[in-house]
1. Just checking, which of Glu108, Glu86 is acidic (Asp, Glu) and either modelled with pLDDT under 95 or under 19 Å from Ile164 (Cα atoms) (or both)?
2. Please work out which residue is nearest to the chain's Cα centre (by Cα), limiting yourself to region 35-65 and to residues that are closer than 21 Å to Ile194 by Cα and either modelled with pLDDT under 95 or part of a helix (DSSP H, G or I) (or both).
3. Using beta carbons and a limit of 7 Å, which pairs, at least six apart or on different chains, have the first residue in region 61-87 and in contact (Cβ under 8 Å) with a residue 60 or more places away in the chain and the second one polar (S, T, N, Q)?
4. Of a type outside the set (S, T, N, Q) and outside any loop (DSSP other than H, G, I, E, B): is that true of Ile177 in this structure?
5. Within region 226-241, is there a residue that is at pLDDT 95 or above, out of contact with any helix residue (DSSP H, G or I) (no Cβ under 7 Å at 6 or more places or on another chain) and among the acidic types (Asp, Glu)?
6. All but one of (1) out of contact with any His (no Cβ under 7 Å at 6 or more places or on another chain); (2) under 27 Å from Ser45 (Cβ atoms) hold for Gln78, so report the exception by its number.
7. Going through Leu226, Leu217 one at a time, which residue ends up being under 17 Å from the mean Cα position of the chain (by Cα), under 16 Å from Asn178 (Cα atoms) and crowded, with 21+ Cβ neighbours inside 10 Å?
8. Looking at Gln122, Gln78, which is the one that is modelled with pLDDT of 95 or more, exposed (fewer than 14 other Cβ atoms within 10 Å of the Cβ) and either at positive phi or part of a strand (DSSP E or B) (or both)?
Amino acid sequence: MILFPAVDIQNGQAVRLKQGRAEDVTVFEADPVCAAKSWEARGASWLHLVDLDGAFEGAPKNQAIIRRICRELNIPVQLGGGIRSEPTAAAYLEAGVSRLIIGTVALEQPELFAGLCTTFPQKIGVSLDAVAGKLKSRGWVADTGLCVDDALSGLLDAGAAFVIYTDIERDGMQSGINVEALAHLAEISTVPVIAAGGVATLADIQKLYPLTLNTSLQGAVSGRALYEGTLNLEEANAWIAAQ
């Protein structure tokens with residue numbers, strides 16, 4: 001089981017939002033590169049990066065910072081936010097990002113998403129972000145009218161290499177995970193699934209861990225909880241290793 005510390009970048013800083021609201025922001029580190037390096041130093045095996053400005057504006061906004069993070073870290077990085085064209089995807093992969101997370105394009109432009117999956121095999125994952133089971137796009141502000149079950153099979157057929165599922169209502173709220181929704185997705189997905197939204201304590205990791213044994217669940221993303229200390233990265237990794 002992999003625990004992915006999240007570094008969300010907005011206006012050049014490492015921040016966390018509540019429920020994806022751009023106006024409900026907490027700055028945790030002025031320099032996202034320092035935040036990224038600290039998670040590696042504390043034992044992270046992967047880093048989860050989000051260009052929040054890119055997600056809201058539909059185009060990459062923090063390329064220089066992301067390039068520096070990839071250059072200065074020795075662990076792989078996955079990135080989402082504002083990746084809505086093949087040139088953008090290619091530039092990030094060339095900069096050292098290990099794999100990309102696509103949300104809006106996957107749901108709104110399926111032919112483009114399939115093309116990305118074909119051009120960059122095993123490098124493209126999909127972000128499924130839901131409120132009450134209904135998927136959102138465009139930085140979580142647009143309704144797609146779809147639920148997970150509606151969208152998943154087409155995305156897998158297109159070549160998605162992994163899935164990140166975020167329960168938006170729990171994201172940044174430290175309210176615990178939606179185990180039922182995650183278990184359902186992990187049981188029907190044929191590619192690795194990563195949980196996000198509400199991963200707040202070691203108890204949440206302990207609830208998710210059994211799913212990594214008998215479903216496609218690969219791990220979990222956590223941001224605010226790691227920064228505020230309700231979840232300790234070293235403790236969580238030690239618990240996982242002990243299993």
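The values are calculated or read from the model by the stated rules, or taken from the named source; none is laboratory data. Nothing here was measured: the structure is a model prediction, and the numbers come from that model. All Cβ positions, glycine included, derive from the backbone under ideal geometry; neighbour counts span all protein chains shown.
1. The conditions single out Glu108.
2. Ranking the candidates gives Val50 first.
3. Every condition considered, the pairs that remain are Gln78/Ser98; Gly80/Ser127.
4. Numbers: of a type outside the set (S, T, N, Q): yes; outside any loop (DSSP other than H, G, I, E, B): no.
Here the answer is no, as Ile177 does not meet what is asked.
5. yes
6. (1)
7. Leu217
8. Answer to the check: Gln122.
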